[in-house]
1. Hey, with R₀ at 30 Å, roughly what FRET efficiency would ASN302 and SER58 work out to, going by the Cβ-Cβ distance, to 0.05?
2. With θ set to phi - 60° and the Karplus curve 6.51 cos²θ - 1.76 cosθ + 1.60, what are the ³J(HN,Hα) couplings of segment 257-269 in order, to the nearest whole Hz, using x for Gly and Pro?
3. Please check: in the Gaussian network model of the chain (C-alpha springs, under 10 Å), which one of GLY216, GLY19, GLY155 has the largest mean-square fluctuation.
4. Post the alpha-carbon centroid distance, segment 265-324 to segment 122-160, in whole angstrom.
5. Over all alpha-carbon pairs of the chain, lay out the pair-distance distribution in 10 Å bins, whole %, shortest bin first.
6. State the dimensionless ratio Rg/Rh of segment 60-174 (Rg: radius of gyration of Cα atoms; Rh: Kirkwood radius).
7. DSSP loop GluC sites (Glu not before Pro) in segment 94-179 with at most 16 other Cβ atoms within 10 Å of their Cβ, which ones?
8. Sum -39500 (n - 2.57) across every DSSP H segment of at least 4 residues in the chain, then divide by the residue count to get the 222 nm mean residue ellipticity, nearest 500.
Amino acid sequence: MLRSKSPLLSLPGAVPAEGPDEGVAAHYGDPFREQRALADGSGFVDLSHRGVVTVTGSDRLSWLHLLLTQHVSELPPGQATEALILSPHGHIEHALYLVDDGETTWAHVEPGTQEALLGYLESMKFFYRVEVADRTDDFAVVHLPAGSIAGVPEGVAVRETAHGRDLFLPRERLTEFAAGHGPAAGVLAHEALRVEAHRPRLGLETDHRTIPHELGWIGTAVHLQKGCYRGQETVARVHNLGKPPRRLVFLHLDGSEVRLPGHGTPVRLAADGPDGRQLGFITTSARHHELGPIALALVKRNVPVDAPLIADGTAAAQEVVVEP
C-alpha cells in the first residue's frame, strides 16, 4: 500500500517510478548519468517508499535470533546484516536489512510488506521484553553509494555495507538532506547496479516457492550454524543432502532489442525457439551504463550453464550466480 509520494518527486526532471517502487523517482532525466554518479561514489538514492520497522527492549536481539535465518544474538552495534523469515516449509516470506544501534534494531523491508511483517512479529512476542513498531511514516531510507564521502546527520542510524550506506533519516529532513547531498539518482540506476552485483530482491527474484539456496542468500542472509528457526529443516536438508530445484543466473541480453523483457517473461533454450519449453523466468531486467541490457533470471537447476537462452525473442548469454 502506497502511503505517500516522496517530496523529492518535485525535484527537476523527476519521473515517477512504477510497480514495487511507486512513490519515488525512477530517474531525474538521465538514468545513465545517475548510474555513473553512483558507481563513482557520488549522489544518493531516495528509497523513502521502503518500509521501516524497529525492535526495542532488552531481549530484542535474542528474540530476533529465534525468528530469523541470521545469527543476530550478539550482533555488535553498527554492524549491518540481512536476514530472512521463512515459512514452515522453508519458502522466503520476508527479507530484512538490519542494523542495531545499541538500543534499537532497525530494519528496512520491501515496500508494503511491513504490515504483514509487524503482524507476524507481534504474534511471536510471548513473554519477551520487546516492542516492535512500524516507523515508515517517521523515517525515510536514503542510500549513499559505496565510496561516498557525504556526511551523515548526527543521530541517524546507518547500515554500512560493501554496496554503500543506508540511512534511516527522519522523514521531515528528507528535502533538506537532498539539497545538500545531490545529485539525486533514481531507482532505475540503483536497480541496474543491484542487478550487476547479482543481489536478489524479495518479490522480484522470489515467488511463493523460493528457498534461500536458489538465490545465493546462503551465507549472506542465512547462517547455517545457528539453532532452530521456522523453515530451518528445509534449509539444512537442501544444504546437506541435495540441490535446490532452481538457480539464479545473470544474463547479458541482446543489445539490438529496443524493449527489455519484463518481470515474469519466460526463459527458454535458444535452440528450442520461442515455442520451446519454459525453463525459468526473468526476475529483473535493466539497462546498465557499461554492460548494456542485463537481467537476473531464475531457471531450472539442470539448464546447462553454457546454453544460449532466449526471453521473449531476446537472446541471452548466461553467467553463473548460483552453482548448479
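1. The pair ASN302/SER58 has a calculated efficiency of 0.05.
2. 7, 6, 9, 7, x, x, 4, x, 4, x, 10, 9, 5
3. Answer for the Gaussian network model of the chain: GLY19.
4. 36
5. Taking all Cα pairs of the chain, the binned fractions are 6, 25, 33, 25, 10, 1 percent.
6. We get a ratio of 0.96 for segment 60-174.
7. Details: sites: GLU103, GLU115, GLU122, GLU131, GLU154, GLU160, GLU172, GLU176; in loops: GLU103, GLU154.
Hits after loop and neighbour filter: GLU103, GLU154.
8. Computed ellipticity for the chain at 222 nm equals -4500 deg cm²/dmol.
Bear in mind these aren't lab numbers, they're just calculated from the coordinates by the rules spelled out. Not measured: the values here are computed from a predicted model. A quick note on method: Cβ atoms are made from the backbone with ideal geometry, for glycine too, and the neighbour counts reach across all protein chains shown.
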